[in-house]
Amino acid sequence: MSGRVIPYGDSALLVEFGSLDDVLGMLPALQRTRPAGVLDLVPAARTIAIVLDPHVLSPASASGWVERTVPEPARTADEEVVELPVRYDGEDLAEVAGLLGITPAEVVERHTASRWRVAFGGFAPGFAYLVTDHDGLVVPRRATPRTAVPAGSVGLAGEFSGVYPRSSPGGWQLIGRTDATLWDATADPPALLRPGVVVRFTAVTG
């Protein structure tokens, strides 16, 4: 195990990693081997929080489990793949193209040709941070965030892509929009995009 395990209150641990790739390798291994008493695993860009029921599993025992767990290699087969149709008419598409030194059409081509994977959830139910294996779409956040970003907006920020599940403030560079439902409280599971899911974007018109 390549992370560092530290106490996180009386009923949780925080595992710190050196990179997002380390998180993505460790998360499925922890999910597969999780013992009774582990209530939740919450991944982020460089950490995984482990929420415990200390009456069932002590923090010391949980720490030993984490330290013995071997990260899993990236899977390429039998993965869940979600296809999201996108109208690439975002307000920031031209600006993103300028930042990258390419045309708007090339931004769309790169975005749809990329294999995206859900790394972790974000600021709202259903929001997912998506990562890919290249840096051809890395752009900064907007200097001035918008007070309201429409639901379904597809954006870029740093190394991530993401889709807003509901209207909210945001500073991501908007390149398109989708009609897909990202969060449905009546569904099981309620989130369409969960850690480990592969996402394919497709361009549509109309």
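Worth pointing out:
- Between amide H atoms placed 1.01 Å from N, distances below 5 Å from VAL199 occur with VAL82, TRP116, ARG117, VAL118, all of them 5 or more places distant or on a separate chain.
- Treating r as the C-beta distance of ARG32 and THR147 and R0 as 30 Å, the FRET efficiency rounds to 0.10.
- Counting Cα-Cα pairs of the chain in 5 Å increments starting at 0 gives whole-percent bin shares of 1, 7, 15, 18, 17, 15, 11, 8, 5, 2, 1, 0.
- Helix 104-113 and the long axis of the chain differ in direction by around 30°, with both axes built from C-alpha atoms.
- Basic side chains Lys and Arg get +1 at the Cβ, acidic Asp and Glu get -1 at the Cβ, and with that the dipole of the chain about its Cα centre reaches some 180 debye.
- Amide N proximity, the stretch 114-137 versus ILE102 label position 7 Å along Cα-to-Cβ, cut-off under 17 Å: 114-117, 131-137
- Overall form of the stretch 102-150 per C-alpha gyration tensor (a/c, 1.5; a/b vs b/c): oblate
- Estimated inter-spin distance, ALA94 and VAL56, nm [label 7 Å along Cα→Cβ]: 5.6 nm
- Sites listed here are chymotrypsin sites (Phe, Trp or Tyr not before Pro) in the stretch 107-182 whose DSSP assignment is loop and whose Cβ has at most 12 other Cβ atoms within 10 Å: PHE123.
- Hydrodynamic radius of the stretch 4-68 per Kirkwood, over alpha carbon pairs, in Å: 11.5 Å
- In terms of Cα atoms, the Rg and Dmax of the stretch 81-203 work out to 13.3, 43 Å.
- Rounded FRET efficiency, nearest 0.05, which uses the C-beta distance separating ALA124 from ARG68 and R0 of 22 Å: 0.05
- Both radii were evaluated on the Cα set of the stretch 1-116; the Rg over Rh quotient, with Rh as the Kirkwood radius, amounts to 1.15.
- The angle between the Cα long axis of helix 20-33 and the main principal axis of the chain comes to about 50°, on a 0 to 90 degree scale.
- Cα-based helix-to-principal-axis angle, 59-68 vs the chain, degrees rounded to 10: 70 degrees
Bear in mind that the values in this text are calculations on the coordinates, not laboratory data. Only a predicted model underlies this, so the values are computations on that prediction, with no experimental measurement involved. Positions of Cβ are backbone-derived with ideal geometry, glycine not excepted, and every protein chain shown enters the neighbour counts.
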